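Comments concern the structure below.
Each reported figure results from applying straightforward, stated rules to the coordinates on display, with no laboratory input. The structure displayed is predicted, hence computed values, not measured ones. A quick note on method: Cβ atoms are made from the backbone with ideal geometry, for glycine too, and the neighbour counts reach across all protein chains shown.
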Amino acid sequence: MTNTNPSIRIDVDTSNPGQFFACCGLLELADRLWDGAEGWFDRECFNISMNGSLVSLIEAVSTAELTQLDPGNATSSPIQFGAPFRSLRLDWWQDEDAGGKALKVWAGSMESYGIAKAMQHAMRSEKFHFPCLFDIGMIVYDPNDMRKKKEPFYFDARRGLNAHPRDVGFSLNALEMNTTAFPAVELLCLVGLQRCLPAKTNRLRVFDYFTWATPLPPELLPPVVAGEFPLFKPRGYQFENWYRTGQKKHKAFRSAIPIQHKRQTRGADHE
């Protein structure tokens, strides 16, 4: 944990929980591709020290084997992230004890594997080979039928910001409207949450997470992300996994606020 010379630097808004956990996911996959990867935050960047390049990492992410592990459960099936990475099972949304289930944002007819596969396929564009990959927004299409559009998980707080009918003036879900998604954030956040869960608070669906400024490997991140090791110069944030529809099924990660300036977030009254 001494290499402070990053191989890559990623532009990140740490107040966007989707981007923060996407950084955790990118580090996880870098370490599974090249042993010994370490990551840390520095101002508005996330740094990774590894034995490869950003281009080679994103190309591996966008073409890796993805497997739906439960063929009979399209909506919530665990997903296997396979070759060329060391195998990684993604199933945190089924874990009620550790708190993963409370972070699940998709519901109804939304499919865990189908969304992940669509976001992965979108990342094959060379647009994602640069430090601004979290800011690449587009309408995403189903790779099995490019005439069909695919909505994301709603991890990226830029979508959740104006997702509720009360804010927009009508229901996006009811009208089956498709809007801009940020594929790198959506897919990599799904990966990052497998190891790094935010800390629960005494408020329903409200969570804390913490950055760190010291190069660390992914296996040391869980207690650091949860704020249990303040020696790593953490910056804390609090966010809500917010109901974005009147039926209170579909959710979205909302933008986070610095913990030292906590205040009541809109939506806290809507349990």
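Table for the structure above
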read-out	value
Choice from 109, 62, 255 showing the highest fluctuation, given a GNM over the chain with Cα pairs closer than 10 Å	109
Orphan Cys of the chain, criterion: no other Cys C-beta under 4.7 Å	23, 45, 132, 189
Residue 63/residue 213 FRET efficiency (R0 51 Å; Cβ-Cβ; nearest 0.05)	0.95
Residue 94/residue 124 FRET efficiency (R0 25 Å; Cβ-Cβ; nearest 0.05)	0.30
For the chain: rounded, prolate or oblate by the Cα gyration tensor [a/c cutoff 1.5]	oblate
Point-to-point label distance, residue 179-residue 257, nm (Cα→Cβ direction, 7 Å offset)	2.2
Ranked by how many other beta carbons lie within 10 Å on average, peptides 210-218, 82-90 from highest	210-218, 82-90
Cα gyration tensor shape of the stretch 1-51, rounded if a/c is under 1.5, else prolate or oblate by comparing a/b with b/c	oblate
Axial C-alpha extent at least 15 Å, average Kyte-Doolittle at least 0.0 - helices from the chain (DSSP)	17-33, 183-195
The stretch 189-252: trypsin sites (Lys or Arg not before Pro) in DSSP coil with no more than 11 other Cβ atoms inside 10 Å	248
Label point at residue 248 placed 7 Å out along Cα→Cβ; residues across the stretch 85-122 whose backbone nitrogen lies under 18 Å	102-108
Normalised contact order of the stretch 176-264, rounded percent, pairs of Cα under 8 Å and 6 or more residues apart	22
